[in-house]
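Remarks on the structure that follows.
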Amino acid sequence: MNVPELFDLPWGPLLIFGLRVADVSIDTMRVLFAVRGKRYHAASLGFFQALIFILVVGNVLQHLGSVWHVLGYAAGFATGTLVGVQIENAVAYGLSTVRIVSPHGGVEIANALRERGYGATEVAGYGRDGTVEIVHSVVHRSHLDEVMEIVDKWDSQAFVTVEEPKILRGGSLASRARWMRVPEWARFRYKDRPRS
């Protein structure tokens, strides 16, 4: 039995559904890698995505008279989109720029981030209701939950934005922040800093 005959069987629509889920999920990851500049990863995924796409579309076009084949294709596309987003969230690939604006907990948040091995830059600012402390940090996306726990501990009402940096140059980025510690001399400069 050759490949086209597999799609003629009663479970052909399910095969189309499954292949379409794989195709769209791979495409989501391909776009993710392309946006982050991983050309070879994106190209490799693009090869397999195109291969599956051609196989599925060719066989769906041969079965346009079958409602189940067409529904399998459409449902596979929708499900593949959901699966692709879930995979992207689970992998949490890449970096995030975190900006924390706190009226009273910025120094403590910055110190706590440094204690966990993350880089943190403090800036004084002025908001609608007076002075604020602004903390900037660049972290791996997989560490965002830990960073948010730190923020919530010191100021649950802090204004937080998270963005994806396009260019990263200089500074310090802890690749394994959970296991790194800031040396004592680096902590000393911020530990007893007077707050405004």
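The values are calculated or read from the model by the stated rules, or taken from the named source; none is laboratory data. Only a predicted model underlies this, so the values are computations on that prediction, with no experimental measurement involved. Here Cβ is always computed from backbone atoms with ideal geometry, including for glycine, and neighbour counts include all displayed protein chains.
For segment 58-90, the tally of residues that are among the aliphatic types (A, V, I, L, M) and in contact (Cβ under 8 Å) with a residue 24 or more places away in the chain stands at 6. Residues that are assigned to a loop (DSSP other than H, G, I, E, B) and not aliphatic (A, V, I, L, M) are absent from segment 70-87.
Against the numbered list (1) under 30 Å from Phe33 (Cβ atoms); (2) at pLDDT 90 or above; (3) surrounded by 14 or more Cβ atoms within 10 Å (Cβ to Cβ), His140 comes up short only at (2).
Can we say Val147 is modelled with pLDDT of 90 or more, more than 30 Å from Ile26 (Cα to Cα) and outside any loop (DSSP other than H, G, I, E, B)? Judged against the criteria, Val147 is not a match.
Taking Leu55, is it surrounded by fewer than 20 Cβ atoms within 10 Å (Cβ to Cβ), over 21 Å from Leu82 (Cβ atoms) and free of Cβ contacts under 8 Å to residues at least 40 places away in the same chain? Explain how you work it out, then say what you get.
Details: surrounded by fewer than 20 Cβ atoms within 10 Å (Cβ to Cβ): yes; over 21 Å from Leu82 (Cβ atoms): yes; free of Cβ contacts under 8 Å to residues at least 40 places away in the same chain: no.
Taking the combined requirement at face value, the residue does not satisfy it.
Rundown of residues vs (1) without any contact (Cβ under 8 Å) to a residue 60 or more places away in the chain; (2) not small (Gly, Ala, Ser), yes/no style:
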| position | (1), (2) |
| --- | --- |
| Val107 | no, yes |
| Ala112 | yes, no |
| Gly117 | no, no |
| Thr121 | yes, yes |
| Gly127 | yes, no |
| Val139 | yes, yes |
| Leu144 | yes, yes |
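Checking Val107, Val162, Val182, Val132 one by one, the residue that is modelled with pLDDT of 90 or more and touching a Gly at 6+ places or on another chain (Cβ under 9 Å) is Val132 and no other.
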